[in-house]
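The values are calculated or read from the model by the stated rules, or taken from the named source; none is laboratory data. As the structure is a computational prediction, the values presented were derived from the model and not from experiment. Here the Cβ positions follow ideal geometry from the backbone for every residue, glycine too, while neighbour counts run over all protein chains shown.
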Amino acid sequence: MALHRKATAAWSGTGKEGSGHISSTSGALNGIPHSFLTRFENEDGKAGTNPEELIAAAHASCFTMKLSFVLGAAGFTAEKLECTATVTMDKVGAGMGVTGIHLELVGAVPGIDAARFQACAEEAKTGCPISQLLKSVPITLSAKLA
């Protein structure tokens, strides 16, 4: 059975001076603002988000859940998995583009050695649905046990 997840974005005005908001049917995002300044100029003090931040959140979430399944299949249960996903956006041709994603993982997994943990993390990185979706850009990983 197919699953369908929805989000809506609205924008008013020009690309640089305009602004918009993002909402999701789950309510996790409800009118969250975004603008050129919050996306491209890291404007401090402005509440808002941007597509790259949302991709990073989705990737970190998907990866840690997939890793918990991979660890379970290998006979381990994580006490804690914490992943920070960093989406890098840089100049590509005449515009901007996503040039890579780095997953930084710290895990507390009783009984696992570092080599096995690394192998499980690599398997999860390759197998998580968001990684598969984003495989057009380099995805790197650093994993360590706490």
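Of note:
- The stretch 8-19: number of residues that are surrounded by 13 or more Cβ atoms within 10 Å (Cβ to Cβ) and modelled with pLDDT of 90 or more: 1
- The residue list Leu67, Leu54 contains one member that is outside any loop (DSSP other than H, G, I, E, B) and either at pLDDT below 95 or among the small types (Gly, Ala, Ser) (or both), which is Leu54.
- Residue in the stretch 122-143 that is surrounded by the fewest Cβ atoms within 10 Å (Cβ to Cβ), counting only those that are under 21 Å from Thr88 (Cβ atoms) and over 15 Å from the mean Cα position of the chain (by Cα): Glu122
- Filter result for Thr77 (touching a residue at least 12 places away in the same chain (Cβ under 8 Å), exposed (fewer than 13 other Cβ atoms within 10 Å of the Cβ) and either on the phi > 0 side of the Ramachandran plot or part of a loop (DSSP other than H, G, I, E, B) (or both)): yes
- Pairs where the first residue, in the stretch 49-72, is farther than 20 Å from Leu29 by Cα and the second is buried (at least 18 other Cβ atoms within 10 Å of the Cβ) and polar (S, T, N, Q), C-beta under 9 Å, 6+ apart: Phe63/Ser131; Lys66/Ser131
- Scope the stretch 95-133; condition closer than 18 Å to Phe69 by Cα, outside any helix (DSSP H, G or I) and not acidic (Asp, Glu); matching residues: Leu103, Leu105, Val106, Gly107, Ala108, Val109, Pro110, Gly111, Ile112, Cys128
- Only one of the numbered conditions (1) over 28 Å from Ser142 (Cα atoms); (2) of a type in the set (Lys, Arg); (3) surrounded by 12 or more Cβ atoms within 10 Å (Cβ to Cβ) is not met by Arg39, and that is (1).
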